[in-house]
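Here is the structure we will look at, set down as structure tokens.
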Amino acid sequence: MLGFLLARQAGLDDPLRLRRAESTRRVLGLELNKDRDVERIHGSGINTLDIEPIEARYMLSGGSDGVIVLYDLENSSRQPYYTCKAVCSVGRNHPDVHKYSVETVQWYPHDTGMFTSSSFDKTLKVWDTNTLQTADVFSFEETVYSHHMSPVATKHCLVAVGTRGPKVQLCDLKSGSCSHILQVMFAGHRQEILAVSWSPRCEYVLATASADSRVKLWDVRRASGCLITVDQHNGKKSQAVESANTAHNGKVNGLCFTSDGLHLLTVGTDNRMRLWNSSNGENTLELYSGSRDCNILAWVPSLSEPVPDDDETTTKSQLNPAFEDAWSSSDEEG
């Protein structure tokens, strides 16, 4: 690392190369925190977590028991070993508790005074953090699998909700009424919507993942709606006709955009993760392919040692290709 710093100081090396090397070092050094623990409140499995983006101090958790817990992650004791305490919880005795498993919790992106939760009890609830009471409840005819609020929206307050049916429902928080649910039938999906995610780059672009093995990007302002259906084969003919225009060879049960919105990451029941170009739907590379018992995934920019500055015999082709910044955008390179 000292060699990288000296080369960067002398202007002999690309700053992005130092950034990638440091990112790789940190990823390879990841391990569970031995000094910090979280107070155990849930009596069964935890399905969802979300840390508020304002201070990164408070964390929500939703469990299969229907309970929601709010934790304070700050070490107020100033001791090297400490347990993150639960500030409050929506327990089984709470009048507004979810009847069944909580599948998604999310902080309001611009304020810690509000958060949302959705459950198998066919409801999406909007909570006032200060009073821990529901400010609004949206009820649906089918089981709710996921929901998401846009992190960048300024012209709308829509919550995208994926349900057991092949449609996405858009709930308008401004209306404050269940009667203003926008039920939009997005043509193309044939089975339940398992995951939804708004783009952090454009407030009107929404990605959806379904049990029909497909991932689609939508512009919610357009009548036709669908912008792209991603294809794992990138348009090449496949021997299996049923795999055409599919993202995975199985249900797609998770997706998220990278922070710059340029790429979309998906995970499926085929035990694979894939990275897509969000502008054209191109399958850029497969990040992971493994057995069903694997439960730790990480993006590692490089698994090889960086080339020494004085080694002129080693070319870029001898490096791990991932070291050549598959994540960077033209803005970073400029």
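If you scan segment 97-112, which residues turn out to be in a loop (DSSP other than H, G, I, E, B), surrounded by 14 or more Cβ atoms within 10 Å (Cβ to Cβ) and of a type outside the set (Phe, Trp, Tyr)?
Here is the first cut: in segment 97-112, the ones in a loop (DSSP other than H, G, I, E, B) are 97-101, 108-112.
Checking which are surrounded by 14 or more Cβ atoms within 10 Å (Cβ to Cβ) leaves us with 97-98, 100-101, 108-110, 112.
Listed by number, the residues that qualify are VAL97, HIS98, SER101, PRO109, HIS110, THR112.
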Pair list, Cβ < 9 Å and 6+ apart or interchain, from segment 132-153 residues that are in a loop (DSSP other than H, G, I, E, B) to residues that are of a type in the set (Phe, Trp, Tyr) and surrounded by fewer than 20 Cβ atoms within 10 Å (Cβ to Cβ): THR143/TYR100; THR143/PHE120; SER150/TYR204; ALA153/TYR204
Restricting segment 24-76 to residues that are in contact (Cβ under 8 Å) with a residue 24 or more places away in the chain, out of contact with any Asp or Glu (no Cβ under 6 Å at 6 or more places or on another chain) and of a type in the set (Ser, Thr, Tyr), the residue that is most open to solvent (accessible area, probe 1.4 Å): SER64
Contacts under 6 angstrom Cβ, first residue in segment 90-101 being free of Cβ contacts under 8 Å to residues at least 24 places away in the same chain, partner part of a loop (DSSP other than H, G, I, E, B) and open to solvent by 30 Å² or more (accessible area, probe 1.4 Å), 6 or more apart: none
Residue list for segment 121-165, filter: over 30 Å from ASN93 (Cβ atoms) and either open to solvent by less than 10 Å² (accessible area, probe 1.4 Å) or under 21 Å from the mean Cα position of the chain (by Cα) (or both): SER150, PRO151, VAL152, ALA153, THR154, HIS156, CYS157, LEU158, ALA160, GLY165
Any chance LEU6 is modelled with pLDDT under 75, open to solvent by 80 Å² or more (accessible area, probe 1.4 Å), out of contact with any helix residue (DSSP H, G or I) (no Cβ under 9 Å at 6 or more places or on another chain) and of a type in the set (A, V, I, L, M, F, W, C): no
Number of positions in segment 1-46 that are in contact with a Lys or Arg (Cβ under 7 Å, 6 or more places away or on another chain) and under 30 Å from CYS84 (Cα atoms): 1
Cβ-Cβ under 7 Å pairs, at least 6 apart or on other chains, segment 269-286 side of a type in the set (Phe, Trp, Tyr), far side surrounded by 17 or more Cβ atoms within 10 Å (Cβ to Cβ): TRP276/VAL230; TRP276/HIS263; TRP276/LEU264; TRP276/THR266; TRP276/ASN283
Residue that is over 18 Å from SER197 (Cα atoms), open to solvent by less than 20 Å² (accessible area, probe 1.4 Å) and either of a type in the set (Lys, Arg) or modelled with pLDDT of 60 or more (or both), where the choices are GLY250, GLY235, GLY268, GLY254: GLY250
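The values are calculated or read from the model by the stated rules, or taken from the named source; none is laboratory data. On a predicted model such as this, the values are computed, not experimentally measured, just so you know. Here the Cβ is made from the backbone with ideal geometry for all residues, glycine too, and neighbour counts use every protein chain on show. In case anyone asks, the SASA skips ligands and DNA or RNA and just uses the protein heavy atoms, side chains included. Shrake-Rupley method; radii C 1.70, N 1.55, O 1.52, S 1.80 Å.
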